[in-house]
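K.L.:
This is the structure I have questions about; it appears just below.
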Amino acid sequence: MRRQPLRLAILEATRIFEEAGVPSPRVDAELLAAHVLGVDRGSLPLIPLVDPPVIEALRELVQQRAKRVPLQHLTGVATMGRIDVAVGPGVFVPRPETELMLQWGLDLLEGRTGPVVMDLCTGSGALALALQHERPDAQVYAVDNDPQALAWARHNADRRVEAGDTPIKLYSGDVTDPRLFSELDGVVDLVLCNPPYVPPNADLPPEVLDHDPPQAVFAEDGGLAVIRHVVSAAARLLVPGGGVAIEHDDSHASAVPALLKTRTVLGDVRDHHDLAGRPRFATAIRGAAD
Ligand SMILES: C[S@@+](CC[C@H](N)C(=O)[O-])C[C@H]1O[C@@H](n2cnc3c(N)ncnc32)[C@H](O)[C@@H]1O
């Protein structure tokens, strides 16, 4: 069979995605083509013609994506900071907007040696592993209560160690447990948390509703049920001068800072926007010991 123009296959995929309501149809078409070819997206213009098996493999993935299977489930990876993590059914797909919280945490740790870091609700381990990659001297703890998520996190943690990173400390635990990591009370420099925070019954795209685990997405109490406990845990765990960052729903720009302000030991409470200008995470700093 004859080789075929890659450009036409990408145009066809883009058209199919537009009809299926896939956000970013052209980008997804290019990313899937790059995945099939095993190259960076930027290299696609250097590949004018491809073999028929490539077109066939691309068509199969395009059919899946048109059914709104998440792009990252098809490529098998998601990016956080400067690392990739493996993702798929049973674990939440890390989102680009969470990288801003990672950067806030890294900035806070500037100038501290051997910091203790906690990633509550770690999912695939993305935040914990990205932070550990940047700060080999940190002791990074990561916790989740979902066995399937923990299996992905263990897989990703093992891959990062093989790549030369310091091992993270991965635990099964419930962040609503008031005694969680009580042996670390008052010694943690940074608490990062991207918890489930979407109010129940919210209208969400099929990629999220049908493929992210519900316990990773939704929380009772208008989306605040887990966050309340994370605020308590942070107030207990942080060392004076340590900081907490909690990602939240865009409807919680006031509610999460208000929860942080209820803790007298926490100060400098701020809310931060994502790159789309939506309220996305709140931060606070533990004041001097009381
Ligand atoms: C939104 S996902 C975030 C995953 C990861 N931090 C990220 O940014 O990609 C929330 C995670 O919290 C976990 N989770 C939900 N409730 C929890 C609880 N009470 N204790 C521990 N983990 C919990 C879920 O299993 C899920 O993996």
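The values are calculated or read from the model by the stated rules, or taken from the named source; none is laboratory data. Predicted, not measured: the structure shown is a model, and the values here were computed from it. Using ideal geometry, Cβ is built from the backbone for each residue, glycine included, and neighbour counts are taken over all protein chains shown. The protein model used for the area step is the full one, side chains on, heavy atoms only, and it has no ligands, DNA or RNA in it. Shrake-Rupley method; radii C 1.70, N 1.55, O 1.52, S 1.80 Å.
K.L.:
How many of the residues in segment 122-162 are within 20 Å of residue 87 (Cβ to Cβ), touching a strand residue (DSSP E or B) at 6+ places or on another chain (Cβ under 8 Å), of a type outside the set (Phe, Trp, Tyr) and open to solvent by 30 Å² or more (accessible area, probe 1.4 Å)?
P.N.:
Here the count works out to 7.
K.L.:
What helices (runs of 4 or more DSSP H), lying completely within segment 1-84, carry at least 2 residues that are open to solvent by 30 Å² or more (accessible area, probe 1.4 Å), free of Cβ contacts under 8 Å to residues at least 60 places away in the same chain and of a type in the set (A, V, I, L, M)?
P.N.:
Fully inside segment 1-84 and qualifying: 6-20, 25-37, 52-66.
K.L.:
Could you tell me which numbered condition residue 221 fails, if it satisfies all but one of (1) on the phi < 0 side of the Ramachandran plot; (2) out of contact with any His (no Cβ under 9 Å at 6 or more places or on another chain)?
P.N.:
Just one mismatch for residue 221, condition (1).
K.L.:
Condition test on residue 105, is it over 12 Å from the mean Cα position of the chain (by Cα), surrounded by 22 or more Cβ atoms within 10 Å (Cβ to Cβ) and either in a helix (DSSP H, G or I) or not basic (Lys, Arg) (or both)?
P.N.:
When the stated conditions are applied, residue 105 passes them.
K.L.:
Moving to a separate point now. Restricted to segment 108-134, and to residues that are within 11 Å of the ligand (Cβ to nearest atom) and either assigned to a strand (DSSP E or B) or hydroxyl-bearing (Ser, Thr, Tyr) (or both), which residue is farthest from residue 146 (Cα to Cα)?
P.N.:
119
K.L.:
Next question, about the same structure. Show me the strands (runs of 3 or more DSSP E) found entirely inside segment 188-290 where at least 1 residues are surrounded by fewer than 21 Cβ atoms within 10 Å (Cβ to Cβ) and acidic (Asp, Glu).
P.N.:
In segment 188-290, 266-273 are the strands (runs of 3 or more DSSP E) which contain 1 or more residues that are surrounded by fewer than 21 Cβ atoms within 10 Å (Cβ to Cβ) and acidic (Asp, Glu).
K.L.:
For segment 170-179, how many residues meet the condition of being among the hydrophobic types (A, V, I, L, M, F, W, C) and open to solvent by 20 Å² or more (accessible area, probe 1.4 Å)?
P.N.:
1
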